[in-house]
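Only one structure is covered here, and it is reproduced in the block below.
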Amino acid sequence: MNNLKFLIIISFITFCSCNIIKEPDSASLQPNKQLEQLLRFFVEKNPCEKCYYELYINKEFPEKFILTIYTGKFSLTQDENIHYNQLALEKLTVSGKEFKVFSGAEHYFNNKKIHDERKKFIIDTFPNNNYIRPVTWTAIDSAGTITITSYTGTYPFSLCLLNMLYQTKTLCT
């Protein structure tokens, strides 16, 4: 009789654990149509094999966002990430490229994987002597209208960035 109870309990636990709905992982973020279109356009104009693709989101006002989109052989904020022990909290995939998504919140969460990321940076960057010019776009989303500009030296979340943004041209809306 005890064996039968044990078998029923094990069967019930197995049945319940198989029916648990799994939460999506961070790589399953789905961008809205406008952001997806922007990122597809960025990848199309800036193809790069074995490069980092990153998206930095800076909310300025309720309807104004500054997006910094980057690709290069190392992270745009590599030194800062190592110094502050931070990694992107979210990821999304567009056009077969995985974008690491940064918002500034990662600064407040410890991440022990940063040492593995640092090793990967050293392995990926230094043995390969082929120089790939990093590309950075800054996009301003103001009430649904996106204006894009391209600057090589742009750093996300920077007040100096605002000075450069006056020289923008609208590429898509």
Quiz item: Can we say residue 144 is over 18 Å from residue 39 (Cα atoms) and modelled with pLDDT of 85 or more?
Solution: no
Quiz item: Residues 111, 85: which one is at pLDDT below 75, more than 23 Å from residue 45 (Cα to Cα) and not in a helix (DSSP H, G or I)?
Solution: 111
Self-check item: Candidate set from segment 43-66 (those that are among the aliphatic types (A, V, I, L, M) and surrounded by fewer than 20 Cβ atoms within 10 Å (Cβ to Cβ)); member that is modelled with the lowest pLDDT
Solution: 57
Quiz item: Which of the residues that make up segment 34-81 are in a helix (DSSP H, G or I), more than 13 Å from residue 155 (Cα to Cα), out of contact with any Phe, Trp or Tyr (no Cβ under 8 Å at 6 or more places or on another chain) and not polar (S, T, N, Q)?
Solution: 35, 36, 38, 40, 41, 44, 45
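The values are calculated or read from the model by the stated rules, or taken from the named source; none is laboratory data. Small disclaimer: the values here were computed from a predicted structure and weren't measured. Here Cβ is always computed from backbone atoms with ideal geometry, including for glycine, and neighbour counts include all displayed protein chains.
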